[in-house]
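Accompanying notes for the structure given below.
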Amino acid sequence: AQKITQTQPGMFVQEKEAVTLDCTYDTSDPSYGLFWYKQPSSGEMIFLIYQGSYDQQNATEGRYSLNFQKARKSANLVISASQLGDSAMYFCAMREGLEYGNKLVFGAGTILRVKS
Amino acid sequence: NAGVTQTPKFQVLKTGQSMTLQCAQDMNHNSMYWYRQDPGMGLRLIYYSASEGTTDKGEVPNGYNVSRLNKREFSLRLESAAPSQTSVYFCASRQGNGNTGELFFGEGSRLTVL
């Protein structure tokens, strides 16, 4: 079974508008972490934001925020005031448990295109 | 800061040839990882090393071997390359245990197997 599901293969958003990228996850471990990464066309992986399963508040980093709904097992990325430079592939990822060196599992990604 | 360095960045192989992807990090991280990226499939974990001296299989280990040479270096070897191994390979590292702490990625290595 998929542990991370990103249901939107591609999204379009108008410049300066907000956009939400969906991510749902599946785990029975009470301790986990959720991550979002950006991959521009140049190919590098850029860390955007992190949410821990015990965090009481939704994570925010500048124009990025994470809409964390624990009961629904969703961790959607919200990008406010979209810019042309936000056009990229976005990956949601999860780390389960507290084992040393525990690994990240990634979703298939969502391609975001920002229109001018 | 170099961060995570992968070599080579591009490689073309013929079926059956062998090669090693090298990865080194200068952040004194304990854990290192090898992922492959294929269209529509995101990043899939091949092997990882939680700490120096240990390695474990990920989701797609078949056809690969790894060596954690020391704390800095983690190499990925293809003994007999197959066209199905055409992919972009990413090495990553992370400081330690627990839920916090993101992965730091290298720039990727694009491998084509003919």
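Read-outs throughout are calculated quantities, based only on the coordinates presented, and are distinct from any laboratory measurement. This one's a predicted model, so the numbers in the text were calculated from it and none came from an experiment. Here Cβ is always computed from backbone atoms with ideal geometry, including for glycine, and neighbour counts include all displayed protein chains.
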Please list, or write none, the lysines whose alpha carbon is within less than 16 Å of the alpha carbon of A:K16, excluding same-chain residues fewer than 8 places away. A:K115
For the stretch B:67-82, in residue order, the Karplus 3J(HN,Hα) values (coefficients 6.51, -1.76, 1.60; θ = phi - 60°; whole Hz; Gly and Pro = x) are 9, 9, 5, 6, 5, 7, 10, 9, 9, 10, 10, 9, 6, 8, 4, 10
Amide H contacts of A:S87 (H built 1.01 Å from N, under 5 Å, at least 5 apart or other chain): A:V114
Just going by the charge dipole of chain B, with Lys and Arg at +1 and Asp and Glu at -1 on Cβ, which of B:G16, B:G58, B:S75 is farthest out on the positive end? B:G16
Test item: Cα-centred dipole of the stretch A:38-115, Lys/Arg +1 and Asp/Glu -1 on Cβ, debye: 280
Can you give me the convex hull volume of the Cα atoms of chain B, divided per residue and expressed in Å³? 96
With the contact rule set at Cα under 8 Å and sequence spacing of 6 or more, what percent relative contact order holds for chain B? 36
The stretch A:15-101: relative contact order from alpha carbon pairs under 8 Å, six or more residues apart, as a whole percent, is 42
So what J values fall out for the stretch A:86-95 if you push phi through Karplus, 6.51 cos²θ - 1.76 cosθ + 1.60 with θ = phi - 60°, rounded to Hz, Gly and Pro as x? 7, 4, 4, 8, 10, 10, 9, 9, 9, 10
Place +1 on the Cβ of every Lys and Arg and -1 on the Cβ of every Asp and Glu in the stretch A:6-93, take the dipole about the Cα centre, and give the residue among A:N58, A:G10, A:G85 whose Cα lies farthest towards its positive end. A:N58
Which value, in debye to the nearest 20, gives the size of the charge dipole of the protein assembly as shown about its Cα centre, when Lys and Arg are +1 and Asp and Glu are -1 at the Cβ? 320
Under a Gaussian network model of chain A whose springs join Cα atoms within less than 10 Å, the largest fluctuation of A:D22, A:D55, A:D86 belongs to A:D55
Cut-off under 26 Å on the C-alpha distance; same-chain residues fewer than 8 positions from B:K14 excluded. Which lysines are left, in chain and number order? B:K57
Would you list the P(r) distribution for chain A, with all Cα-Cα distances sorted into 5 Å bins from 0 and each bin expressed as a whole %? 2, 12, 23, 25, 19, 11, 5, 2, 0
